[in-house]
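All remarks here apply to the structure that follows.
What follows draws every value from the coordinates through simple rules; no lab data is involved. If you're wondering where the values come from, they're calculated on a predicted model, not measured in any experiment. Positions of Cβ are backbone-derived with ideal geometry, glycine not excepted, and every protein chain shown enters the neighbour counts.
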Amino acid sequence: MTATPAHAGHSSDELTHRQITTIILGLMSGMFLAALDQNVVGTAMKTIADELHGLDQQVWVTTAYLITSTISTPIYGKLSDLYGRKKFFLTAITIFIIGSAMCSFATSMPMLSLFRAFQGLGAGGLFSLALAIVGDIVPPRERAKYQGYFLAVFGTSSVFGPIIGGFFSEAPTVIGITGWRWVFLINVPVGIFALVAVTMTLHLHHVKRQAVIDWLGAVALVVGVVPLLLVAEQGRTWGWTSTGSLACFAIGAVGLLAFVLVEARMGDSALIPLRIFRNRTIVISLTGGIVIGAGMFGGMITLPQYLQIVHGSSPTMSGVQLLPLVLGMMIASVVSGQLISRTGHVRIFPIIGVLLMTTALLLLSRIGADTPWWQLITFMAIFGLGLGNTMQPLTLAVQSAVAPREIGMATSAATFFRQMGGTLGVAVFLSLLFNTLGDNIKTAFINAAKTPAFQSALRDPNVLANPDNASFVKALTTGDTSVLSAVSSDSSIIGRLDPRLAYPFKVGFSQSMDLVFLVGAIVCAAGLVVLLFMPKIVLSSRSASAQLKAEAREHTLRDDLVEVAAIEAGGHTMDELSDDDQEGGGQSPSALVGLH
């Protein structure tokens with residue numbers, strides 16, 4: 001895509017750096033709201049489930065939120081294109097605040113799941129609309145610099161989220177309210193601040209468009225996506241070939257087919273117009289987003305488990321230990337943003353990013369129970385550098401491949417496909433982890449039984465004085481291997497055992513995690529191959545908002561010229577001319593010259 005020269009001079013239609021920064025600070029507060037919530041709730045979920053007596057139901061809390069946030073994302077994008085971003089961004093924040101407050105009053109896990117589903121309806125608009133608004137107000141060549149701020153939001157929330165979640169989940173009460181309820185209540189003041197900040201800072205020019213809303217497409221999307229998200233989350237528990245899983249696959253396939261048929265019929269009014277898939281840049285970016293989302297989320301969900309299970313870190317500490325990954329992501333984001341701004345070229349950065357991600361996952365697939373910290377920190381930093389070079393350039397590529405008036409749809413589509421890829425990746429990788437875990441742990445214990453250290457632990461009186469050690473040793477000596485598989489549902493036993501007895505568990509977990517990292521590397525390598533086919537993209541120096549204002553002025557000028565032509569043609573105004581006359585049939589030669 002060719003574009004306006006990089007240094008075409010400042011247009012009066014463009015916002016100043018100070019205006020853009022002010023708006024982005026408001027947007028960041030909205031994104032921080034959702035990003036912080038994910039990390040805080042994830043850390044505190046075990047405590048919440050214990051308090052509400054539903055540990056076996058906690059997956060539904062996550063699934064409900066995931067489903068509603070995912071399916072609402074493309075709907076927010078399309079509606080904001082038609083009716084303006086600000087009102088829908090404020091709506092998303094409001095729904096999120098109300099949902100958060102509702103969650104804090106939950107008295108059971110089913111009730112919490114319902115409230116989290118409502119909260120997810122707000123979350124679906126927070127990420128995609130913030131990026132779309134940046135697309136409106138910032139020229140493409142400058143976007144990468146500003147979008148780096150949003151990655152800083154993710155990085156900050158990933159470090160402080162577990163700390164905050166750990167604090168609230170461990171506190172019996174805070175100001176007379178049960179500690180875990182503050183996990184959700186904290187969103188209320190943060191959300192109110194975001195509402196005020198966005199209301200005061202965000203002033204966008206929007207030309208309302210008359211269009212048919214694709215409600216039938218939205219329904220078909222829900223029918224297609226919800227069962228697939230459901231089986232992705234529950235399939236490992238149900239069994240991938242169980243009646244429930246097969247029913248979800250069938251319903252999802254029918255829903256997606258119906259969605260494609262509806263979108264084909266709706267044309268440009270479709271929720272996701274099918275014509276965008278004729279654009280090579282969009283197809284490659286979205287496909288790459290799916291693959292990279294799978295590899296990225298698969299890797300990021302496994303690293304905290306490795307830190308907590310193999311290295312014995314608390315949930316709070318594991319969040320802090322991910323700091324090398326976060327710093328790598330932020331550094332790469334800033335550097336790539338500056339280079340994109342100076343050169344206008346995008347293609348090379350996601351290729352470098354995915355190459356780094358693939359390399360990092362390959363290195364992580366070699367870690368074990370005794371891997372030194374310096375190696376782990378290095379591998380995580382490389383993974384973070386890859387992420388920082390990948391996420392924002394792909395969003396930029398999709399935004400640059402569509403008309404300015406469709407940035408919301410394009411941004412939400414990119415977010416939607418990345419989320420779907422991430423959900424699929426998590427489902428596949430967790431299945432790999434737990435399907436291989438039992439055999440790996442048994443093999444590790446067979447190997448450990450031959451070592452003097454393990455044999456001495458079995459006979460050590462000090463070890464057997466601990467009831468947990470004693471019952472575990474008794475189970476092993478009587479041939480009861482169920483204790484080995486039980487750790488997959490409750491890993492806390494590892495921390496209660498003597499280190500010599502617990503070591504084979506750590507070996508088994510690390511070996512299963514190595515397989516996950518290896519498959520993640522293969523997936524990312526496939527994404528790298530896809531991205532190599534991305535065409536060259538040179539970003540424009542003109543923002544979408546400025547382009548739309550210019551188009552509006554040109555449209556007004558053209559109407560004025562047609563009005564003059566109409567008067568010269570027969571002394572009539574445009575309102576008095578027939579439709580045929582307005583098409584140019586009654587214009588004088590002089591008017592036609594003016595129009596061209």
Stokes-Einstein diffusion coefficient of the range 222-288, Kirkwood radius over Cα pairs, 25 °C, 0.890 mPa s, in µm²/s:
184
Compute the angle between helix 85-104 and the longest alpha-carbon principal axis of the chain, please, reported from 0 to 90 degrees and rounded to the nearest 10.
30
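Given the pairs K86/K145; K450/K474; K46/K145; K46/K78; K474/K506; K46/K506, which are separated by over 26 angstrom at their Cα positions? Intermediate values should be presented prior to the final figure.
Working: K86/K145 22 Å; K450/K474 18 Å; K46/K145 38 Å; K46/K78 37 Å; K474/K506 20 Å; K46/K506 21 Å.
Table pairs above 26 Å Cα-Cα are K46/K145; K46/K78.
Under the √(5λ) rule applied to the eigenvalues of the Cα gyration tensor, what semi-axes describe the equivalent ellipsoid of the range 323-450? Give them in Å, descending.
Numbers: eigenvalues 266, 78, 16 Å².
Largest first, the range 323-450 gives 36, 20, 9 Å.
Using mean Cβ contacts within 10 Å as the protection proxy, how do 496-503, 448-455 order, highest first? Write down the numbers at each step before the final one.
Numbers: 496-503: 18.5, 448-455: 12.5.
The most tightly packed comes first, giving 496-503, 448-455.
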Modelling each spin label as a point 7 Å along the Cα-to-Cβ direction, I'd like the T16/T107 distance in nm, to one decimal.
5.6
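By per-residue mean of other Cβ atoms within 10 Å, what is the highest-first order of 108-115, 288-295?
Most protected by this proxy first, the peptides run 288-295, 108-115.
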May I ask for the percentage of alpha-carbon pairs in the range 12-211 that lie more than 24 Å from each other?
40
For L274, placing the label point 7 angstrom along Cα-to-beta-carbon and taking the range 243-268, residues whose amide nitrogen sits under 14 Å are 256-268
Mind checking the alpha-carbon convex hull of the range 402-485 and giving the volume per residue in Å³?
151
At R0 = 22 Å the Cβ-Cβ FRET efficiency linking N447 and R496, nearest 0.05, sits at 0.50
Taking the chain as the reference, fit the longest principal axis to its C-alpha atoms, fit the long axis of helix 348-364 to the helix C-alpha atoms, and give the angle between the two in degrees, 0 to 90, nearest 10.
10
I need the phi-derived Karplus couplings for the range 305-312: 6.51 cos²θ - 1.76 cosθ + 1.60, θ = phi - 60°, integer Hz, Gly and Pro marked x.
5, 4, 5, 6, 7, 7, 9, x
Using the alpha-carbon atoms, what tilt in degrees (0 to 90, nearest 10) does helix 187-201 show relative to the longest principal axis of the chain?
20
Local net charge near T281, Cβ-Cβ under 15 Å (Lys/Arg +1, Asp/Glu -1)
+4
Just to confirm a number: summing +1 for Lys and Arg and -1 for Asp and Glu over residues other than L202 whose beta-carbon lies under 12 angstrom from that of L202, what do you get?
+2
Using unit Cβ charges (K, R positive; D, E negative) and no other charged atoms, how large, in debye to the nearest 20, is the dipole of the range 38-104 about its Cα centre?
460
Per-residue counts of other Cβ atoms within 10 Å, averaged by peptide: what ranking do you get for 237-247, 437-447, highest first?
437-447, 237-247
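Can you compute the helix-only [θ] at 222 nm over the chain? Use -39500 (n - 2.57) per DSSP H run of at least 4 residues, normalise by all residues, nearest 500 deg cm²/dmol. Walk me through the numbers before you get to the answer.
On the way: 23 runs with 452 residues, N = 596.
Per the formula, -26000 deg cm²/dmol.
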Equivalent ellipsoid semi-axes for the range 438-511, as square roots of 5 times the alpha carbon gyration tensor eigenvalues: give them largest first, rounded to whole Å.
17, 14, 11
Bins of 10 Å, starting at 0 and running to the largest distance - Cα pair percent for the chain
3, 15, 24, 25, 16, 8, 5, 2, 1, 1, 0, 0
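Can you give me the relative contact order of the range 437-495 as a percent, contacts being Cα pairs under 8 Å and 6 or more apart?
Values: 21 pairs, mean separation 19.5, N = 59.
After rounding, I find 33 percent.
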Centroid-to-centroid separation of the range 13-62 and the range 365-444 [C-alpha atoms, Å]
19
Based only on Cα atoms, what Rg/Rh ratio does the range 240-398 have, Rh being taken as Kirkwood's radius?
1.08
Separation of alpha-carbon centers, the range 491-528 and the range 204-282, rounded to whole Å:
35
